[in-house]
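Right, one structure below, let's go through it.
The values are calculated or read from the model by the stated rules, or taken from the named source; none is laboratory data. Predicted model, so just to flag it, every value in this text is computed and none were measured. Cβ sites come from the backbone with ideal geometry, for glycine too, and all protein chains shown count toward neighbours.
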Amino acid sequence: MPRPSASALALDPHHADTLHLMGLIHLQDGQSALAIEWIVRALQQGSPKPIYLLNLAAALHKEGRFEEALKALDKAVQLKPGDAELWKNLGEALIALGRLDEAILALQHALKLAL
């Protein structure tokens with residue numbers, strides 16, 4: 001029996017949420033390179049969703065592509081500036097790059113939003 005996402009893709013191969021779901025499945029399976037491919041395809045379908053960018057950043061981070069992960073998170077924060085979780089992830093990405101002053105600011109902002 002095919003996976004539900006495979007059936008959905010057969011009906012609409014450009015369905016962004018299904019493409020994103022395929023990326024999440026690969027990310028869960030430890031296949032971050034494939035996850036990146038699927039999530040990028042989802043992002044190409046129209047207006048990017050912050051959750052897509054967050055998951056893309058997670059996959060990029062697992063691949064050691066820290067600068068690209070930071071760019072994805074920065075775009076997610078621009079799209080949804082009131083989301084504390086996105087700011088926290090942005091701070092963590094900045095820490096991974098050794099940009100500690102910027103990381104502190106991002107994490108302080110995340111804390112402010114969360115309170």
Q | Selection status of ALA57, in contact with a Lys or Arg (Cβ under 6 Å, 6 or more places away or on another chain) and of a type in the set (Gly, Ala, Ser) | A | no
Q: Among what's in the range 13-43 and is at pLDDT below 95 and out of contact with any helix residue (DSSP H, G or I) (no Cβ under 7 Å at 6 or more places or on another chain), pick the residue that is surrounded by the most Cβ atoms within 10 Å (Cβ to Cβ).
A: ASP17
Q.
Quick check on TRP87: is it crowded, with 19+ Cβ neighbours inside 10 Å, more than 10 Å from the chain's Cα centre (by Cα) and closer than 27 Å to LEU115 by Cα?
A. yes
Q: Would you mention how many residues in the range 24-41 are in a loop (DSSP other than H, G, I, E, B) and polar (S, T, N, Q)?
A: 1
Q: Pairs only if they're at least six apart or on different chains, beta carbon under 7 angstrom, first in the range 52-77 and at pLDDT 95 or above and surrounded by fewer than 22 Cβ atoms within 10 Å (Cβ to Cβ), second among the hydroxyl-bearing types (Ser, Thr, Tyr) and part of a helix (DSSP H, G or I); list them, first residue then second.
A: LYS62/SER32; GLU63/SER32
